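To keep things clear, I will list the structure first and then write my remarks on it.
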Amino acid sequence: MASHMIDSILYMDSYGTKVMREIFDDRSMIQNWLDIEAALAESQAEMGIIPQDVAREIAGKAKVENLDLENIRKGIMKTGHSLVPTLREFESRCEGGAGEYIHLGATTQDIIDTGYILASKRAFEVIYQDLWEIEEYLLVLAEDHKNTVMAGRTHGQQALPITFGYKAAIWASEVHRHLQRMKDSRKRIFAGQLSGAVGTLAGFGDRAIELQERVLGKLGLEIPEISWHASRDRLVEMVNLVAMIAGTFGKIGNEIYSLQKTEVAELAEAFTMGQVGSSTMPHKRNPGLSEGMHTLSKVVKANALLAYEALLQEHERDGAYWKTELIAIPEAFILTGAILQKAKKALNGLVVNKQKMIENLDILKGLLLSEPVMLMLGEKLGKQTAHEIVYEISMKTFEEGASFQENLLKDPRVGKHFTEKEIAGMLDPFRYTGQSAFLAERVVRNIRACRLAEKGKG
């Protein structure tokens, strides 16, 4: 039985996805190691360092299904070493003494690091495609609701009118920047590691640089200018970027959660018959997707902090710190994969309650529009004086319960400058959304142009 939610038979699909679990499972990681060893042997044969038939035997046997994983597990427990038991098992499967040539000149961290880079590169692309899909959902929301007026909130309180399209465009813009960051970081992050014991490539001989280039080229990885055994910034950047993505959707999830509260009811996750919100309250329709996005994002952000621990390395490398990556990297990707699946469902089926948004605009009895009143009055009396007057009237409205408009009209400091019709116009939320629609349109236009250009490249 699994002891972690990621691998739980019951809960795995809430905490991860099948594709992400498979990328980081034992069989996939060992296959990565075998692929690296095969690429190394093939490259050495091409350069005349080892016999061609030996390289063919190594490459031909470099399949995880050829190995006994239970033997490897027992070997790890006996030796305390993370790779040697795998090499021994692999060697035993190679015929004609070919196993003697496996891992020639390499060190364990070369294989482990490059294996995680291969896995992370695949996981990175899964996330990229998910973000690409989600970005489209957000663009549709921004476009469809660019004129859907709602209350904007600061510090959890109603502040000024905005449009829901404006809010969705902010989300879309943030997601787009993540996509750009991912594109910009690929060459920096996905460099292989083949440097030997202390990173000098001494064990690979005089043609070490050529060998390194051949091996990493076969694996489709960037060639580092120098060993990064003791420089873990690439992986920290990667986990940090994944955590930023998770954080964005944690925020979006929390926003949907907040706006789905019964007393607000401006947004709602799509509901299908069969969903159950409570074992004792049959009426409940809980925002489970949004809650999940928010919850999992916290764990991913914690993984980023864990990854930062690996930046501390003693001398040319050690095992005390970098092994934190073995926890941080898979968890960050797998949990973020789950977050993005939840986001797809939540955003693609998001219910936007326009009527409730309109109703909520008047909860403060007109106070939502105190700013335009202050600005218009400021043209007559000066901004600071106007602020003080409108502040007094606003507080009176809060305390006494009358409408803001009534109190404005009754106050001679305001009433003598404006008619009832003019004050009513100032308090119309549909006339005070600023550039919400334009800004939403601009985001949609700019992102769609980028998406079109990228499709053209593809």
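The values are calculated or read from the model by the stated rules, or taken from the named source; none is laboratory data. Remember, predicted model here, so these are calculated numbers, not experimental data. In this analysis, Cβ positions are derived from the backbone assuming ideal geometry, glycine residues included, and neighbour counts consider all displayed protein chains.
Tabulated results
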| read-out | value |
| --- | --- |
| Total residues in the stretch 1-49, condition over 19 Å from residue 63 (Cβ atoms), acidic (Asp, Glu) and under 21 Å from the mean Cα position of the chain (by Cα) | 2 |
| Scan of the stretch 217-239 for residues that are closer than 13 Å to residue 194 by Cα, under 24 Å from the mean Cα position of the chain (by Cα) and touching a residue at least 60 places away in the same chain (Cβ under 8 Å), ordered by number | 221 |
| Condition check for residue 9: out of contact with any Phe, Trp or Tyr (no Cβ under 7 Å at 6 or more places or on another chain), buried (at least 16 other Cβ atoms within 10 Å of the Cβ) and either β-branched (Val, Ile, Thr) or not in a helix (DSSP H, G or I) (or both) | no |
| Extreme residue, nearest to residue 239 (Cα to Cα), among residues of the stretch 123-142 that are β-branched (Val, Ile, Thr) and within 12 Å of the chain's Cα centre (by Cα) | 127 |
| Near pairs, Cβ below 7 angstrom, 6+ apart or cross-chain, from the stretch 196-207 (on the phi < 0 side of the Ramachandran plot) to any residue that is of a type in the set (S, T, N, Q) | 197/107 |
| Residue match in the stretch 412-428 (condition: within 41 Å of the chain's Cα centre (by Cα), closer than 30 Å to residue 269 by Cα and of a type outside the set (Ser, Thr, Tyr)) | yes |
| Sole residue being within 25 Å of the chain's Cα centre (by Cα) and farther than 30 Å from residue 22 by Cβ, chosen from 189, 170 | 170 |
| Near pairs, Cβ below 7 angstrom, 6+ apart or cross-chain, from the stretch 54-66 (within 15 Å of residue 87 (Cβ to Cβ)) to any residue that is in a helix (DSSP H, G or I) and acidic (Asp, Glu) | 58/37; 62/35; 62/37 |
| Residue match in the stretch 365-376 (condition: at positive phi and over 36 Å from the mean Cα position of the chain (by Cα)) | yes |
| Lone unmet requirement of (1) surrounded by fewer than 22 Cβ atoms within 10 Å (Cβ to Cβ); (2) farther than 19 Å from residue 248 by Cβ; (3) among the aliphatic types (A, V, I, L, M) for residue 215 | (1) |
| Boolean, residue 174 is surrounded by fewer than 16 Cβ atoms within 10 Å (Cβ to Cβ) and not assigned by TED's automatic domain parsing to the domain that holds residue 48 | no |
| Close pairs from the stretch 333-345: first closer than 21 Å to residue 270 by Cα, partner outside any helix (DSSP H, G or I) and acidic (Asp, Glu), Cβ under 8 Å, at least 6 apart | 345/269 |
